[in-house]
1. If you look at just the Cα atoms of the range B:399-488, how large are its Rg and its Dmax in Å?
2. Specify which residue in the list B:Leu376, B:Leu408, B:Thr359 is farthest towards the positive end of the charge dipole of the range B:329-463, using unit charges on the beta carbon of Lys, Arg (+1) and Asp, Glu (-1), about the Cα centre.
3. Other chains' Cβ within 10 Å of B:403-409 residues: what's the mean?
4. Sort the range A:1-67 into rounded, prolate or oblate with this rule: let a ≥ b ≥ c be the square roots of the eigenvalues of the Cα gyration tensor; rounded if a/c is under 1.5, and if a/c is not under 1.5, prolate when a/b is larger than b/c, oblate otherwise.
5. Rounded if a/c is under 1.5, else prolate if a/b is larger than b/c, else oblate: which is the range B:110-152, with a ≥ b ≥ c the root eigenvalues of its Cα gyration tensor?
6. If I model a spin label as a point 7 Å beyond the Cα along the Cα-Cβ vector, how far apart are those points for B:Lys209 and B:Gln379 in nm?
7. Can you return the lysines within cross-link range of B:Lys15? Criterion is Cα-Cα under 25 Å, with same-chain partners fewer than 8 residues away left out.
8. With an 8 Å cut-off on Cα pairs and a minimum separation of 6 or more residues, tell me the relative contact order of the range B:322-451 in percent.
Amino acid sequence: MKKLKEISIIDDDPITIFGIKKMLDSLDICNTITTYHNGKLAIDGIRKGIAAGKGVPEILFLDINMPIMDGWQFLEEFIALPLEQAVRINIVTSSIDPADLQNWEFYKTKTHHHLDFINKPIRLKDIAEITTAA
Amino acid sequence: MVKETRTTTNNYLIKQLPKATAFINPAFELVYVSDRWIADFELEKSNVIGQSIFELFGDGATEHLKSLEACLTGEGGSSSNYSFTDSEGRERWFEWSHIPWYDDHENIIGVIIQADEITRQVQDHEQLEKLEMLLNQKSTIAKIGSWEYDVINQRLRWSSMTRQIHGVPKDFEPDLDTALEFYKEGFSRNTISMAVFKALEEGITWSEKLQLITAQGKEIWVIAAGKPLYKDGILQGLIGTIQDITDHVRSEIKIRESENLLRTVVDNLPLNVYIKDLESRKILVNRWECEFLGVKDASDLLGKTDFDFYDKKMAQVFREEDLSVLNSLTPILGKESLNVKPDGTITTFLSSKIPLMGTDGKAFGLLGISMDISNLKKQEAELRDLINVTSLQNKKLVNFAHIVSHNLRSHTANFSMLLEFLVTEKDAAERKKIIEMLTMASDNLLETMENLNEVVSISTNSGQKKKAVNLTEAIGAVTHNLSAFLNTHKAKVINQVAAATRVNVIPAYLDNILTNIITNAVKFRDPSRPPVITISAEKLEHYTLLKITDNGLGIDLEKHKDKLFGMYKTFHDNPEARGIGLYITKNQIEAMEGKISVDSTVGKGSTFNIYFNEKA
């Protein structure tokens, strides 16, 4: 299997970042893992990457509840980016608020990117399944 | 010949007799007749003499045969009636008297018949019979009996109807005393005794409605009437009538009772009831309608219209409604309508207007029934408010439950994940790192639990009593406690609150609110300038408004408005932001039935407006 170029983890919880990173390392499926602590930092980072001609990460792990800019606000801006390729976005949350599920359904219809909704905790056995590029 | 001559002579005398008279021979043939006879019986003059009386008068005369024969034998005269229908169709009655006809020698040579017209008498007689019959009929149908009292012989005579009314047999012989004793003791007997006495002594007539006890012990109502009779100025006796009006009185009582019942029902219905005529004038109102319109008596409303009691606009609305019912003949049923009296009193009615139709199918008025549902409406509104409050609280509760579950879930998810790593991890350095992470997760969980506890305690302690607190002093105390923190950051607090300003608060909440907002103002200061916090207050109608203005970073309200007071929401990339302070502040303000809002401009600063409820 061809190694992925970049995976981004967007989460304000260092433990979650540690965990996902550890699992991705063990699978050894990508060259670079970038992490952002909130949506604002992430969208700025991704825009910078595009501007520098590095492209965008193939896979995003996205938390919903974050300071400054939350997952949904990030998504709003991300899907507005003029990207031809489809990015796989795994929304990872411990929320059971039905409003979040509704938001997911809503954004799925608005974008060509592949949106998944995954409840925490993420298990190692799930990771392989959700890390194939869209 | 001689005979004939005589005949002619006599003929002239007889002709002129004033009465209808005929002379017949033993063969019953007419020999002489008076002109009157011919006229009375409408005979033909030329065709009478020599004719048999039976031929001329037919069957009517045959009945007289015996009497005529008796006359011929000299047995003396008799008389009997004869009738015929004349040319004008009237029945005419005559009394025929027969007497023997003697000649000079006392020989009977025939019969003289004299006819007296008695049509009038016969008719009078018939009339009398008819009247008697009618009277009897009437007295039977109307139950009117009559009586006569003969003063001289002290005899009382009752008609059969009178006996029947008293319930006594046909042979019952009353006297004045027994007659009076039939009347019910008390008012009735006293009245009749007095009436009879006055009639006898003073000649006064009477007519009284009285109660009478029959021989069978039945109580009945009668009209007893009587008057004295005089002859040549001397009292002869009394005559009078007695009429059984029990049925009449009973039905009258019944009608009055049902009228009373209806009236009582209509008056006591907790509804406004009225009847209006075609001009919308009230022609019947019940007590509630009177009370509603503030009049003591129905007569103050009768004949008046709504224009007399409401302002023109309101009255016009009612009149148009009336007209639509009267014209369409379609009732308005259970319509909710507002009634505004000139004094401004507003009543909500559930009202119906029903057309009243005469036998000709045309409306002659309308019946109005209105129920005052103002209280119901008020209760409905209160209930709706309550539902709103409850659903709001419920929403908050659900929100809180989501927060709790989310926060606990995220920690447990971390525990679960880290423990999974720990089980399989061989590398000692990596294991140490995982355990560090576990410790961090545990600390986070503890902190979350403390925060949630704090939130819960606000909700459960909302029963705490509010006290009047001097706002200036409270601000002074908080800034004093924070003085080290404020000094470190060179922050300045300007207290512009008037010295006497007091607010009704739970003191511990006020401290917490002030501490939190002042601390936030410093935490999120603009690094380019020292923090300045200005505090002012003003009295509003229901609230005291406390304004806390800073010159910090400001918040992008466009983006963060929804999340500003949410739990675990932070807006600044600042390690000191915990996302719990404003959530608790808002809960505490709301627990005191106040509210909080914020104005902010990024780069300039924020103003928090805190409304302390002074009414609740």
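1. 21.1, 64
2. With unit charges placed on the Cβ atoms, the residue in question is B:Thr359.
3. Numbers: counts 3, 0, 4, 9, 3, 1, 7.
Average neighbour count from other chains, rounded to a whole number: 4.
4. Here the range A:1-67 falls in the oblate category.
5. Working: a/c = 5.64, a/b = 2.26, b/c = 2.50.
Judged from the Cα gyration tensor, the range B:110-152 comes out oblate (a/c at least 1.5, b/c at or above a/b).
6. Once both label points are built, they end up 4.7 nm from each other.
7. Hits, sequence-local ones excluded: B:Lys3, B:Lys45.
8. Numbers: 118 pairs, mean separation 19.2, N = 130.
Normalised by residue count, the contact order of the range B:322-451 is 15 percent.
All of the numbers you see were taken from the coordinates with simple rules; none came from a lab. Since this is a predicted model, take the numbers as computed values, not measurements. So basically every Cβ, Gly included, is an ideal-geometry build from the backbone, and we count neighbours across all protein chains shown.
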